[in-house]
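Have a look at the structure below before the remarks.
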Amino acid sequence: MTQVERRDQKPEPKEEPQEKKTKVTRRDFLVGAGSLVVGGVIGGVVGVQVAPQAPPVEEAAPEAPAEEEAVSPYKAGYTLVFDPYQCTGCMLCAVACAEKYSKELFPEETKNMVNLEFARIRPMRFQYVDVVNVCTYCQLEEWAEGSSNFPCAEVCPEDAILTIPEGEGKEGYYGMGYKWIDRDKCLGADKCWRCAEICEDQFASGISFDPIEKKAQVCSRCGGDPECVKVCPEPMALQWVPASRNGRFFANQPTAYAELLYRKMYNKRREL
């Protein structure tokens, strides 16, 4: 006989599957997670307070790198070589030289000016060609002239043109075996001209005279680190290279100098 459900009686609750009984609601999960976080924080704080602190481990100081010996920029036995093909006649070399030596010799008189007459290096502009004029440190030959001195120093009646040995002089100005003028001995352009005379007549025009006391000036190679080379903006226009070539001292060999001038004048290499 079929059992008929009555409406006035509540149906008996059905048992839920095992999976539904174990399901955690969102609210229960959040409450439980919050309890775990709070407990973990409290436990961590208590653990920090209770656990003894280990003594800090001192790290060994890193070894200081060995100091490298500084290489001196001042070189002995070098000379200036210029390339007229690269030179643009910008005059920066002369300006730097003039500023440096006018400040050294007459700081008060020249503090508000730049006078190129103090420059030991003189770029000269000709048609198509820029020529850098500077002392080339030419020397006499013992077997021919009876002396190995500089020609200008050989004819100076007061021995005012000196060669300052290495280890002496003033860094950045003179020393390292290059020339320097003893201004106390020099008679000046008004009383003597012998150094400039022999230089211009037979060798070059490397001697000049300052505009204030008219004393002789000669390129001292800045004591082995020329200022003109450092300020030159054109690569290879001014070079600081070893001077000795076949037992004599030249700024440029004649054949090389001719090739350079030809390139400067015609903007191409000479073809035979």
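The values are calculated or read from the model by the stated rules, or taken from the named source; none is laboratory data. Just so we're clear, the structure is a prediction, and the values are computed from it rather than from any experiment. Here Cβ is always computed from backbone atoms with ideal geometry, including for glycine, and neighbour counts include all displayed protein chains.
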Does any residue of the stretch 89-101 turn out to be without any contact (Cβ under 8 Å) to a residue 24 or more places away in the chain, hydrophobic (A, V, I, L, M, F, W, C) and either farther than 22 Å from Glu213 by Cβ or buried (at least 17 other Cβ atoms within 10 Å of the Cβ) (or both)?
yes
Pairs returned, first residue in the stretch 152-170 that is closer than 16 Å to Lys191 by Cα, second residue that is at pLDDT 95 or above and among the acidic types (Asp, Glu), beta-carbon separation under 7 angstrom, 6 or more apart or interchain, are Ala160/Asp182
If you take just the strands (runs of 3 or more DSSP E) that sit entirely in the stretch 120-177, which of them hold at least 1 residues that are of a type in the set (D, E, K, R)?
122-125, 130-133
Per the filter on the stretch 91-112, residues modelled with pLDDT of 90 or more, assigned to a loop (DSSP other than H, G, I, E, B) and either of a type outside the set (Asp, Glu) or touching a helix residue (DSSP H, G or I) at 6+ places or on another chain (Cβ under 9 Å) (or both) are Met91, Phe106, Pro107, Glu109, Thr110
Name the residues in the stretch 198-222 that are assigned to a loop (DSSP other than H, G, I, E, B), acidic (Asp, Glu) and farther than 16 Å from Ala94 by Cβ, would you?
Glu213
Could you grab me the full set of residues in the stretch 155-176 that are closer than 20 Å to Glu200 by Cβ and out of contact with any helix residue (DSSP H, G or I) (no Cβ under 8 Å at 6 or more places or on another chain)?
Glu158, Ala160
Mind checking whether some residue in the stretch 180-189 is touching a Leu at 6+ places or on another chain (Cβ under 8 Å), in a strand (DSSP E or B), modelled with pLDDT of 95 or more and not aromatic (Phe, Trp, Tyr)?
yes
Members of the stretch 118-130 that are modelled with pLDDT of 80 or more and of a type in the set (A, V, I, L, M, F, W, C):
Phe118, Ala119, Ile121, Met124
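Let's see how each residue does on (1) exposed (fewer than 14 other Cβ atoms within 10 Å of the Cβ); (2) modelled with pLDDT of 85 or more; (3) out of contact with any helix residue (DSSP H, G or I) (no Cβ under 8 Å at 6 or more places or on another chain); (4) not small (Gly, Ala, Ser):
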position: Asn133; (1), (2), (3), (4): no, yes, yes, yes
position: Tyr178; (1), (2), (3), (4): no, yes, no, yes
position: Pro242; (1), (2), (3), (4): yes, no, yes, yes
position: Phe249; (1), (2), (3), (4): no, no, yes, yes
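For (1) among the small types (Gly, Ala, Ser); (2) on the phi < 0 side of the Ramachandran plot; (3) surrounded by 14 or more Cβ atoms within 10 Å (Cβ to Cβ), each residue gets a yes or a no:
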position	(1), (2), (3)
Pro165	no, yes, no
Gly175	yes, no, yes
Ile181	no, yes, yes
Lys185	no, yes, yes
Cys192	no, yes, yes
Cys195	no, yes, yes
Asp201	no, yes, no
Ile207	no, yes, yes
Cys222	no, no, yes
